[in-house]
Amino acid sequence: MAVQTELWRAGARQLAELIRTRQVSSREVVEAHLARIAAVNDAVNAVTVVLAEQARAAADAADAAVAAGAPLGPLHGVPMTVKENIDLAGTPTTQGIAALAQAVPPGDAPHIAHLKAAGVIPIGRTNLPDFGLRWHTDNGLRGATRNPWDPRRTPGGSSGGEAAALATGMTPLGMGNDYGGSLRVPSQFCGTATIKPTTGRVPWVSLLEPRDFPITFQLFAVQGPMARRVEDLRVALAVMSRPDPRDPTWVPAPLEGPAPARPVRVAVTVDPGGQGVDPDVAAGVRRAAATLRDAGYRVEEVEPPAVATAGELWAKLVMTELQMVLMPMLEPVVSADARQFLHLAARAMPPLSYGDYMAGFTARSGLARAWSEFQAEWPLVLGPVCTMPPFPVGYDLEGVEQVLALVRSMRLVVAGNLLGLPAAVVPVGVANGLPQAVQIIGPRFREDLCLDAAQAIEERLGVLTPIDPRS
């Protein structure tokens, strides 16, 4: 690597090592990424706010610490970007909404504070749909993010800005979150990697009102890292998972569990729940399965429990809460396209009665038990992220049938949210000019097993990004 000119191509862990050993300075790394943002961001609109002066000052401080021989964190001097629905001191948590354009939090979210303490330098903010409630990244405040592989296709949502920034080399590390695939879907659609942690793994709190979220957000939503390389996810997750007393639901679980029986067993589902899958997506899952088999895993096509049922239950619970609790607050402030999507989703999935809503959480417990018993025999589940490739921009606004088709395509994704399970996403190749990826779902608090399998796939199939944006 020509370190002075190609620093934006490197991974976060690699950059930290170059800085620690004084092969490059943090200031050089930051300047390389600022230059890359200036060169390509206009083509994709992924980075919404550039924190140039703050990042330069932090980089100079990081270099001074290296020169002084001070103790260095595992990501010392490395830049990152942060999605605009995560609190970052000094910059607004806009949620993609004009009404929140000046909503500056009084401090950092817990995991952002942990990352800063580990030496990470925020370099910019990234785009999302209004309040993160769409599988396409567009809003009335910042506009649309474009998929760097094909601007006619969605980059995914809601962390589409992060995925597009990573895919084009504007950042080596990104911070997103996942309520219904918001880390994993953009990673598939842009050809990058992520880990959705177990619910309770990463501390999470909002420093702006409302401080406390409805119950499905509490149970289904998590904060997680995004990167191009699996090793960067591993080191970032370890830092982010440190405790914070502001989150009473944080779980002090070890980052690595007991050694599993060998060979590790992997259940492969090419078409989860038997509701249809695109041939290119299916081919990617089979390629990943063959790769894991070659790596020494025991891999068989075995269907995990009730994927379709779990996906439908997630949608019903989320849409009930959205319509009964949140819509009166959202409608006056969201963009026209966001309002149209939410209205179509409401028509597709009317709210449950109070009794059915409560019964849904009872059913969730039974589904979680079925998966726990299944994963005692098959610890890892390999399958698609979305069962369709990146959909055309505007597809989710065409009608109720299109919204229902999207929900079905996300069934394995949202099953993971419903059950609180960890899942890693890793690219597996390119088909018809678009990136392909798979997800590996593990038992609760076994992110280590997910990342081990993702690493095995990456080592054999390589990484797809960074790329230059394509027209």
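The values are calculated or read from the model by the stated rules, or taken from the named source; none is laboratory data. Treat the numbers as computed from the prediction; the structure is a model and nothing was measured. Virtual Cβ from ideal backbone geometry, glycine too; neighbours counted across all protein chains shown. Heads up: the accessible areas ignore ligands, DNA and RNA and are worked out on the full protein's heavy atoms, side chains in. Shrake-Rupley method; radii C 1.70, N 1.55, O 1.52, S 1.80 Å.
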Item to complete: Name the single residue, out of those in region 426-453 being under 23 Å from CYS386 (Cβ atoms) and out of contact with any helix residue (DSSP H, G or I) (no Cβ under 8 Å at 6 or more places or on another chain), that is surrounded by the fewest Cβ atoms within 10 Å (Cβ to Cβ).
Response: GLY433
Item to complete: Select from region 19-49 the residues that are under 23 Å from PRO129 (Cα atoms) and outside any helix (DSSP H, G or I) and list them in ascending order.
Response: ASN45, ALA46, VAL47, THR48, VAL49
Worksheet item: Tell me, which strands (runs of 3 or more DSSP E) wholly within region 117-225 include 1 or more residues that are closer than 21 Å to ALA405 by Cα and touching a residue at least 24 places away in the same chain (Cβ under 8 Å)?
Response: 173-178
Response to the item:
Log entry, pairs with first residue in region 350-377 being over 12 Å from LEU419 (Cα atoms) and among the small types (Gly, Ala, Ser), second being open to solvent by less than 80 Å² (accessible area, probe 1.4 Å) and part of a helix (DSSP H, G or I), beta carbons closer than 7 Å, six or more apart or on different chains, reads GLY360/LEU313; GLY360/LEU317
Response to the item:
If you go through PRO435, PRO469, PRO427, PRO390, the only one that is part of a strand (DSSP E or B), in contact with a Phe, Trp or Tyr (Cβ under 9 Å, 6 or more places away or on another chain) and at pLDDT 95 or above is PRO435
Worksheet item: Is it the case that region 345-365 has a residue that's among the acidic types (Asp, Glu) and part of a loop (DSSP other than H, G, I, E, B)?
Response: no
Fill in: Set ARG211, ARG246: member being of a type in the set (Lys, Arg) and more than 23 Å from SER159 (Cα to Cα)
ARG246
Item to complete: Note down all Cβ pairs under 8 Å where the first residue falls in region 265-283 and is polar (S, T, N, Q), the second is open to solvent by 40 Å² or more (accessible area, probe 1.4 Å) and in a helix (DSSP H, G or I), and they're at least six residues apart or on different chains.
Response: GLN275/ARG408
Worksheet item: Is it true that PHE341 is crowded, with 19+ Cβ neighbours inside 10 Å and in a helix (DSSP H, G or I)?
Response: yes
Worksheet item: Could you give every pair whose Cβ atoms fall below 8 Å, whose first residue belongs to region 458-471 and is under 16 Å from ALA164 (Cβ atoms), and whose second residue is open to solvent by 60 Å² or more (accessible area, probe 1.4 Å) and assigned to a helix (DSSP H, G or I), counting only separations of at least 6 or pairs across chains?
Response: PRO466/ARG9
Worksheet item: Has region 166-180 got any residue that is of a type in the set (Ser, Thr, Tyr), under 12 Å from the mean Cα position of the chain (by Cα) and either over 19 Å from LEU208 (Cβ atoms) or surrounded by fewer than 24 Cβ atoms within 10 Å (Cβ to Cβ) (or both)?
Response: yes
Discussion item. On the basis of being of a type in the set (S, T, N, Q), at pLDDT 95 or above and either part of a loop (DSSP other than H, G, I, E, B) or open to solvent by less than 40 Å² (accessible area, probe 1.4 Å) (or both), does GLN375 make the cut?
Written reply: yes
Worksheet, complete the sentence: Exactly one of ALA456, ALA423 is small (Gly, Ala, Ser), crowded, with 21+ Cβ neighbours inside 10 Å and farther than 24 Å from ALA310 by Cα, and that one is ALA456
Worksheet item: Does ALA32 fit the bill of being open to solvent by less than 20 Å² (accessible area, probe 1.4 Å), touching a helix residue (DSSP H, G or I) at 6+ places or on another chain (Cβ under 9 Å) and over 20 Å from LEU88 (Cβ atoms)?
Response: yes
Item to complete: Answer yes if at least one residue in region 246-265 is open to solvent by 30 Å² or more (accessible area, probe 1.4 Å), on the phi > 0 side of the Ramachandran plot, modelled with pLDDT of 95 or more and not in a loop (DSSP other than H, G, I, E, B), and no otherwise.
Response: no
Worksheet item: Hey, does region 289-297 have a residue that's open to solvent by 70 Å² or more (accessible area, probe 1.4 Å), out of contact with any Gly (no Cβ under 6 Å at 6 or more places or on another chain) and among the hydroxyl-bearing types (Ser, Thr, Tyr)?
Response: no
Response to the item:
Of those in region 393-420 that are charged (D, E, K, R) and part of a helix (DSSP H, G or I), the residue most open to solvent (accessible area, probe 1.4 Å) is GLU401
Discussion item. Considering only residues that are among the charged types (D, E, K, R), touching a strand residue (DSSP E or B) at 6+ places or on another chain (Cβ under 9 Å) and surrounded by 15 or more Cβ atoms within 10 Å (Cβ to Cβ), which ones fall in region 299-338?
Written reply: GLU303
